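Engineer: This is the structure, below, for whatever I ask next.
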Amino acid sequence: MPSESTQSTPVLPETALPESGRPADAVLAELARLREGDLPVRGGKVTAYVYDTGRDAVHDLAATAHRELLEVNCLDPTAFPSIVALERAVVAAVAARLGGDAGTPGVFTSGGTESIMLAVKAARDARPVEGRPELVLPSTAHPAFRKAAHYLGLEVVTVPVDPETFRADAEATRAALTPRTVLVVCSAPSYPQGVLDPVEEIAAIAAGAGVLCHVDACVGGWVLPFLDGADGREVPPFDLSVPGVTSLSCDLHKYGYAPKGASVVLFADEALRRRAYYASAEWPGYTVINSTVQSSRSAGPLAAAWATLRALGADGYRELAASAMAAADRLRAGVAEIPGLRVLGDPAVPLVAVTSDDPALDVFVVADEARARGWFFQPQLSHQGIPANLHFTLTGVTDVEALLEALAEAAEAARAVGPPDVPSDLVDALRSLDLDGMTDADFAGLLSAVGVQLDGGAEPEMAFVNTVLDALPAATREGLLVRFLSVLYSDAL
């Protein structure tokens, strides 16, 4: 029951270990068959999850670099000094573009969630408080912060965003601070609408209260610096150069175009980075010292990110940023010409959210109709007054004219189909459902009853599923999604 479109589960491979090893070509053929139902990672028709430069040589180089360090273990940097050199080079390159310099401390991580986890841990450990520490964040902040708070024992305090601009409310942030606040969060940009929070204001408020401030630039950190000054664009200060900003996260597997598993978290000083580390000597085995949440991890993603940065260079990133932003600007202009659709907010990066003000035009149906035309548009559920919408992550390879044509056709078809007919008693039943009392098999049966087939049957009508989820409170959505994931990976199908 996810809010994004879901493929039918492919025919499952054998789960038992073969008695005798299979030939390499047979194994690869089976892998290719399993991937037949996957969304394409190149070409620009998937407007979420993947980032394509359109430069095959860069992707091939990254894959080669990844393979070269595939078996190198980042657990012990004294055993493999190459990882120290590579990480220092990557962190320094990122810091130089984001308000720091070659000496700025940072950590290379597996992704934005791990970068955020480390930033939250560092803040919690650097500022001990009486009682349960608090994390203050805008309602548009990435769920990774809530995940970090859940894992690390912090309490989340959510502040509203402006209902028109969707930017964080600085004064509401000030009012939310208490003696237990250890970290304040702002986004550059927030993912849902691609807008920049008022980083300078919020960082100043945090500094005035003696509280640390993290900027989530996971999606924007490696595109905003290359947009600043291009075509007259001015990007407001958002990085470590802003007084009061004490940490910042930047994903290189987004607009850095590195393969997945590449992010950096920067810290304003070495003492704060040390708070992100973990060490344990209280056992008779080897001494454990970790810079990330993981212990053993391949150095492949680090090598791939380093190689991508070297291959593209600043000029390459400027070109990619300009072309992606041009696509976003053209999409915004084109959406204005499609009856019933409009863009939410004023995106500062190539992220665009499109909603409908016409009751007869349902965005979830638009997503289904677009999928039938070979395009993936990411549905986003309504939340605290922000309407349901479709999210578009654009890159330089996006054929925006073809996208607009598909969007217009999908909108016309969706208007003809009309919104999904969801029985009110189904929503009421789901609200009161005892999820803990159901087995995975029971829940799989429930999914089947509402049209979600996960056993190789027909692709479900996700508009119906998303409309049901949209009518439910967040806690119920979360419970249903956890059960969905459990069924997806179980043998209950």
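Engineer: Give the range 409-435 a look and list any residue that's under 16 Å from Ala367 (Cα atoms) and surrounded by 12 or more Cβ atoms within 10 Å (Cβ to Cβ), or say none. I'd like the intermediate steps shown before the answer.
Structural biologist: Residues of the range 409-435 that are under 16 Å from Ala367 (Cα atoms), as a first pass: 409-420.
Glu409, Ala410, Ala411, Glu412, Ala413, Ala414, Arg415, Val417, Gly418, Pro419, Pro420, listed by residue number.
Engineer: Now for a different question. Can you find even one residue in the range 257-270 that is in a helix (DSSP H, G or I), more than 24 Å from the chain's Cα centre (by Cα) and under 21 Å from Asp101 (Cβ atoms)?
Structural biologist: yes
Engineer: Also: Could you go through the range 192-204 and let me know if any residue there is among the hydrophobic types (A, V, I, L, M, F, W, C), within 13 Å of Cys250 (Cα to Cα) and either surrounded by fewer than 19 Cβ atoms within 10 Å (Cβ to Cβ) or free of Cβ contacts under 8 Å to residues at least 40 places away in the same chain (or both). Don't jump to the end; show me each part of the working.
Structural biologist: The first filter runs over the range 192-204 and keeps only residues among the hydrophobic types (A, V, I, L, M, F, W, C), leaving 195-196, 199, 202-204.
Keeping just the survivors that are within 13 Å of Cys250 (Cα to Cα) gives none.
No - not one qualifying residue is present in the range 192-204.
Engineer: Would you mind finding the one in Asp315, Asp346 that is assigned to a helix (DSSP H, G or I) and of a type in the set (Asp, Glu)? Before the answer, list the steps.
Structural biologist: Details: Asp346 fails: assigned to a helix (DSSP H, G or I).
Answer to the check: Asp315.
Engineer: Given the criterion in a loop (DSSP other than H, G, I, E, B) and more than 23 Å from the chain's Cα centre (by Cα), identify the matching residue among Gly221, Gly194, Gly210.
Structural biologist: Values: Gly221 fails: more than 23 Å from the chain's Cα centre (by Cα); Gly194 fails: more than 23 Å from the chain's Cα centre (by Cα).
Exactly one residue qualifies, and that residue is Gly210.
Engineer: Here is a follow-up. Does Gly396 fit the bill of being surrounded by 13 or more Cβ atoms within 10 Å (Cβ to Cβ), within 22 Å of Leu351 (Cα to Cα) and modelled with pLDDT under 90?
Structural biologist: Details: surrounded by 13 or more Cβ atoms within 10 Å (Cβ to Cβ): yes; within 22 Å of Leu351 (Cα to Cα): yes; modelled with pLDDT under 90: yes.
Judged against the criteria, Gly396 is a match.
Engineer: Does the range 378-402 hold any residues that are of a type in the set (A, V, I, L, M, F, W, C), in a loop (DSSP other than H, G, I, E, B), out of contact with any Ser or Thr (no Cβ under 6 Å at 6 or more places or on another chain) and closer than 29 Å to Pro138 by Cα, and which are they? I'd like the intermediate steps shown before the answer.
Structural biologist: Of all residues in the range 378-402, those of a type in the set (A, V, I, L, M, F, W, C) come to 381, 386, 388, 390, 392, 394, 397, 400, 402.
Checking the rest, the ones that are also in a loop (DSSP other than H, G, I, E, B) come to 381, 388, 394, 397.
Checking the rest, the ones that are also out of contact with any Ser or Thr (no Cβ under 6 Å at 6 or more places or on another chain) come to 394, 397.
Scanning the range 378-402 gives a single hit, Leu394.
Engineer: I've got another one for you. In the range 106-148, which residues are closer than 30 Å to Pro387 by Cβ and outside any helix (DSSP H, G or I)?
Structural biologist: Gly111, Glu134, Leu135, Val136, Leu137, Pro138, Ser139, Thr140, Ala141, His142
Engineer: Report whether or not Val365 is in contact with a Gly (Cβ under 8 Å, 6 or more places away or on another chain), assigned to a helix (DSSP H, G or I) and outside the structural domain of Phe238 (by TED's automatic domain parsing).
Structural biologist: Numbers: in contact with a Gly (Cβ under 8 Å, 6 or more places away or on another chain): yes; assigned to a helix (DSSP H, G or I): yes; outside the structural domain of Phe238 (by TED's automatic domain parsing): yes.
Here the answer is yes, as Val365 does meet what is asked.
Engineer: State yes or no: is Ala324 modelled with pLDDT of 95 or more, buried (at least 18 other Cβ atoms within 10 Å of the Cβ) and of a type in the set (A, V, I, L, M, F, W, C)? First the steps, then the outcome.
Structural biologist: Working: modelled with pLDDT of 95 or more: yes; buried (at least 18 other Cβ atoms within 10 Å of the Cβ): yes; of a type in the set (A, V, I, L, M, F, W, C): yes.
Judged against the criteria, Ala324 is a match.
Engineer: Of all residues in the range 15-47, how many are small (Gly, Ala, Ser) and buried (at least 17 other Cβ atoms within 10 Å of the Cβ)? First the steps, then the outcome.
Structural biologist: Taking the range 15-47 first, the residues small (Gly, Ala, Ser) are 16, 20-21, 24, 26, 29, 32, 37, 43-44.
Narrowing further to those that are buried (at least 17 other Cβ atoms within 10 Å of the Cβ): 44.
Looking only at that region, the number is 1.
Engineer: May I pose another question? Out of all the residues in the range 49-74, which are aliphatic (A, V, I, L, M) and surrounded by fewer than 16 Cβ atoms within 10 Å (Cβ to Cβ)? So that I can check it myself, show each step before the final result.
Structural biologist: Start the filter on the range 49-74 by keeping residues that are aliphatic (A, V, I, L, M), which leaves 50, 57-58, 61-63, 65, 69-70, 72.
Scanning the range 49-74 gives Ala57, Ala63, Leu70.
This table checks each residue for (1) farther than 16 Å from Leu183 by Cα; (2) not small (Gly, Ala, Ser).
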| position | (1), (2) |
| --- | --- |
| Phe238 | yes, yes |
| Leu248 | no, yes |
| Gly256 | yes, no |
| Ser263 | yes, no |
| Glu270 | yes, yes |
| Ala276 | no, no |
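Engineer: Taking the stated definitions as given, is Ala65 over 17 Å from Pro259 (Cβ atoms), touching a helix residue (DSSP H, G or I) at 6+ places or on another chain (Cβ under 6 Å) and among the hydrophobic types (A, V, I, L, M, F, W, C)?
Structural biologist: Numbers: over 17 Å from Pro259 (Cβ atoms): no; touching a helix residue (DSSP H, G or I) at 6+ places or on another chain (Cβ under 6 Å): yes; among the hydrophobic types (A, V, I, L, M, F, W, C): yes.
Answer is no for this residue.
Engineer: Does Pro339 meet the test of being surrounded by fewer than 17 Cβ atoms within 10 Å (Cβ to Cβ), in contact with a Leu (Cβ under 9 Å, 6 or more places away or on another chain) and not aliphatic (A, V, I, L, M)? Write out each step before concluding.
Structural biologist: On the way: surrounded by fewer than 17 Cβ atoms within 10 Å (Cβ to Cβ): yes; in contact with a Leu (Cβ under 9 Å, 6 or more places away or on another chain): yes; not aliphatic (A, V, I, L, M): yes.
Here the answer is yes, as Pro339 does meet what is asked.
Engineer: Still on this structure, please answer the following. Output the number of the condition that Gly103 fails; it satisfies all remaining conditions of (1) part of a helix (DSSP H, G or I); (2) without any contact (Cβ under 8 Å) to a residue 40 or more places away in the chain.
Structural biologist: Evaluating Gly103 over (1) part of a helix (DSSP H, G or I); (2) without any contact (Cβ under 8 Å) to a residue 40 or more places away in the chain leaves (1) as the failure.
Engineer: Next question. State all residues of the range 235-267 that are over 12 Å from Phe108 (Cβ atoms), of a type in the set (Gly, Ala, Ser) and surrounded by fewer than 22 Cβ atoms within 10 Å (Cβ to Cβ); if no residue qualifies, say none.
Structural biologist: Ser241, Gly244, listed by residue number.
Engineer: Which of (1) surrounded by fewer than 16 Cβ atoms within 10 Å (Cβ to Cβ); (2) out of contact with any Leu (no Cβ under 8 Å at 6 or more places or on another chain); (3) touching a residue at least 60 places away in the same chain (Cβ under 8 Å) is the odd one out, the single condition Ser82 does not satisfy?
Structural biologist: Here Ser82 meets the rest and fails (2).
Engineer: Here's another thing I want to ask about it. Given (1) part of a helix (DSSP H, G or I); (2) crowded, with 20+ Cβ neighbours inside 10 Å; (3) of a type outside the set (Phe, Trp, Tyr); (4) touching a helix residue (DSSP H, G or I) at 6+ places or on another chain (Cβ under 7 Å), identify the lone condition not met by Val94.
Structural biologist: So Val94 meets the others, but not (4).
Engineer: Those residues that are more than 23 Å from the chain's Cα centre (by Cα) and more than 20 Å from Pro105 (Cα to Cα), I need them from the range 288-311; list them, please. Spell out the reasoning first.
Structural biologist: Going through the range 288-311, the residues more than 23 Å from the chain's Cα centre (by Cα) turn out to be 288-290, 296, 310-311.
Scanning the range 288-311 gives Val288, Ser296, Arg310, Ala311.
Engineer: Related question: Give Ala207, Ala230 a once-over and let me know the one that is under 17 Å from Ala328 (Cα atoms), surrounded by fewer than 24 Cβ atoms within 10 Å (Cβ to Cβ) and either touching a Lys or Arg at 6+ places or on another chain (Cβ under 7 Å) or touching a residue at least 24 places away in the same chain (Cβ under 8 Å) (or both). It would help to see each step written out before you state the result.
Structural biologist: Working: Ala207 fails: under 17 Å from Ala328 (Cα atoms).
So the residue among Ala207, Ala230 that is under 17 Å from Ala328 (Cα atoms), surrounded by fewer than 24 Cβ atoms within 10 Å (Cβ to Cβ) and either touching a Lys or Arg at 6+ places or on another chain (Cβ under 7 Å) or touching a residue at least 24 places away in the same chain (Cβ under 8 Å) (or both) is Ala230.
Engineer: Considering only the range 278-298, state which residues are of a type in the set (Gly, Ala, Ser), in contact (Cβ under 8 Å) with a residue 60 or more places away in the chain and not in a strand (DSSP E or B). If you could, list the steps in order and put the result at the bottom.
Structural biologist: Filtering the range 278-298 down to residues of a type in the set (Gly, Ala, Ser) leaves 279-281, 285, 291, 295-296, 298.
Those still in the list that are in contact (Cβ under 8 Å) with a residue 60 or more places away in the chain too: 291, 295-296, 298.
Ser291, Ser295, Ser296 - these are the residues of the range 278-298 that are of a type in the set (Gly, Ala, Ser), in contact (Cβ under 8 Å) with a residue 60 or more places away in the chain and not in a strand (DSSP E or B).
The values are calculated or read from the model by the stated rules, or taken from the named source; none is laboratory data. Computed from a predicted model, the values in this text were never measured in an experiment. As a convention, Cβ positions derive from the backbone with ideal geometry for all residues, glycine included, and neighbour counts pool all protein chains shown.
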